[in-house]
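Report on the structure given below.
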Amino acid sequence: MKKVTKYISRKTLIYKTDVEYGDYTMNHVLGCSHGCKYPCYAYLQKKRFGNVTSYEDWCAPALVKNTLELLDRELPKFKNKIKILHLCFTTDPFMYEYDEIQKMSLSAIKKVNDAGIKCSVLTKGILPIALADLSKDNEYGVTLVSLDDGFRERMEPGAAPIAERLSALKALHEAGCKTWVSIEPYPTPNIIQQDLEAILEAVSFVDKIIFGRMNYSKETSSYKEHKRFYNECAQKVIEFCTEHHRAYHIKDGTITPLKENKNV
Ligand code: SF4
């Protein structure tokens, strides 16, 4: 297990997000030990605004120590507005091997559920089985863009191994929880050659699949066929989900309309 070494206090926690499939969200940690090198949009933003000084600083998470007090104060105020509260958009609630962050996230989700609000959760860590004891309206997700652990070590160096991530998700599915997978940011073949269908098969037990292209990456934009590639991948996801009666969402900008698709 790893230890949290930095603590911060915040004045507010819950906010409405403009992320396309989001409603309200909370980020009770600054930084993320997973250190994704896609690159991570949250890291780029926090660095730009001076919240973190370097990649190393970003990878040493700072826990918001007054998280539960802020929830006590804010939940009554937001109660009738929130359809679903997402953890998290700018950090990871189940950061791999950080027991203290896991405990805080579990307590936070319980508090949100006790206020009558459901949560959606997304991680590249391990979803604890204790989540199965919380509201069955919650939706538990993992990000999975490859089944290759070599790729994971290169691009998500601090995140949980793929097999562990998947088996934790499956255990929650088998315990009757709603589960989902985010296949985003999906890499182009010049980054890794892989079979999207194998990934879809590996996650075929989940209730919903979100698929999205890789943004902010020079490697992806330099791949000449990237628009055509993402159109074909999105089509595969749609066909797979339709055939298996699964919900799906293709992120904005992943499919390029054919009329704009002249030069690929
Ligand atoms: S898990 Fe998410 S927040 Fe953490 S470094 Fe990776 S992309 Fe960023």
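A few comments on the model shown:
- Residues that are in contact with an Asp or Glu (Cβ under 8 Å, 6 or more places away or on another chain) and either within 8 Å of the ligand (Cβ to nearest atom) or in a helix (DSSP H, G or I) (or both), drawn from region 34-56: H34, G35, C36
- Remark: N27 falls outside the filter, which requires a residue to be more than 10 Å from the ligand (Cβ to nearest atom) and assigned to a loop (DSSP other than H, G, I, E, B).
- Qualifying residue in region 3-24 (condition: part of a helix (DSSP H, G or I) and either within 16 Å of the ligand (Cβ to nearest atom) or of a type in the set (A, V, I, L, M) (or both)): no
- Considering each residue of region 166-181 in turn, none proves to be closer than 20 Å to T254 by Cβ, crowded, with 16+ Cβ neighbours inside 10 Å and polar (S, T, N, Q).
- Of note, T143 does not satisfy the criterion of being of a type in the set (S, T, N, Q), more than 16 Å from the ligand (Cβ to nearest atom), modelled with pLDDT of 95 or more and closer than 17 Å to C233 by Cβ.
- If you go through region 250-264 and keep only what is outside any loop (DSSP other than H, G, I, E, B) and modelled with pLDDT under 95, you end up with L258, K259, E260.
- The condition of being out of contact with any Cys (no Cβ under 7 Å at 6 or more places or on another chain), more than 16 Å from the ligand (Cβ to nearest atom) and of a type in the set (G, A, S) does not hold for A168.
Residue-wise test of (1) in a helix (DSSP H, G or I); (2) among the polar types (S, T, N, Q); (3) more than 23 Å from E156 (Cα to Cα); (4) modelled with pLDDT under 95.
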position	(1), (2), (3), (4)
Q193	no, yes, no, no
T220	yes, yes, no, yes
K227	yes, no, yes, yes
C233	yes, no, no, no
C241	yes, no, yes, no
Y248	no, no, yes, no
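The values are calculated or read from the model by the stated rules, or taken from the named source; none is laboratory data. This structure is a prediction, so every number in the text was calculated from the model and none was measured. Note that we place each Cβ from the backbone using ideal geometry, even for glycine, and neighbour counts take in every protein chain shown.
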